[in-house]
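Here's the structure we're looking at; comments come further down.
The numbers here are math on the coordinates, done by the rules we state, and not lab data. If you're wondering where the values come from, they're calculated on a predicted model, not measured in any experiment. Quick reminder, even Gly has a Cβ in these numbers, built from the backbone with ideal geometry, and neighbours come from all protein chains shown.
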Amino acid sequence: MTTLRGVQGVCAAVSALLLLALAGCGSSSKTATATGSGAATPAAGGASAKTTAYNISLTHVAGASGASSASGVVVLSVKPAGGRLCWSISPVKTFTISNSATTPTIVTIQPTAAGTPSTPGVPLGMTYESSGCIQAPAAFLRRLEANPKMFYLSIYNTGTGDAVRGQV
């Protein structure tokens, strides 16, 4: 029987491993460029002490359960000075949210480009929350700011199989 503590332990272990891997990868460049041509548009640009925000359009994941009309918007904020990654999720249309310990809805950010198989993601909290912040290593935040199109955010309900995601 899966418990919330077991799910939290697995999520924490996967997050730690992924963040360690990300810390050793990527560019050491301190400048970043962001364009508004994709699904996400930066509200502020550049890798610096300033907050950078991205508006991410969520759509139904092909092959997942749930309504193909599922959609929503996430504002993802990178705050390198404080080492924080924050989010705010609008209500996701035609999508079931569950906070059950056995069938939770999970929000993750994955370092995966569009059109490629997904990789383990960094969970944004241990349970679904429509907004919040997590501490993240500076190397991870720099990599996200330097190449946001190499990341996507997904919301997945483990009980129903509903899934939406959007490229940062």
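Note on segment 41-152: semi-axes of the ellipsoid equivalent to its C-alpha gyration tensor, largest first and rounded to whole Å, are 24, 16, 14. Each listed q (0.17, 0.18, 0.26 Å⁻¹) maps to a log10 I(q)/I(0) for segment 106-168, found by the Debye formula over equal Cα scatterers with no solvent: -0.60, -0.67, -1.26. Could you list the residues of segment 95-137 with an amide nitrogen less than 14 Å from a label point located 7 Å from the Cα of ALA67 in the Cα-to-C-beta direction? Once the point is set 7 Å along Cα→Cβ of ALA67, 95-97 turn out to lie under 14 Å by backbone N, inside segment 95-137. A simple spin-label model places pseudo-atoms 7 Å from Cα toward Cβ; at SER57 and SER118 they are separated by 2.0 nm.
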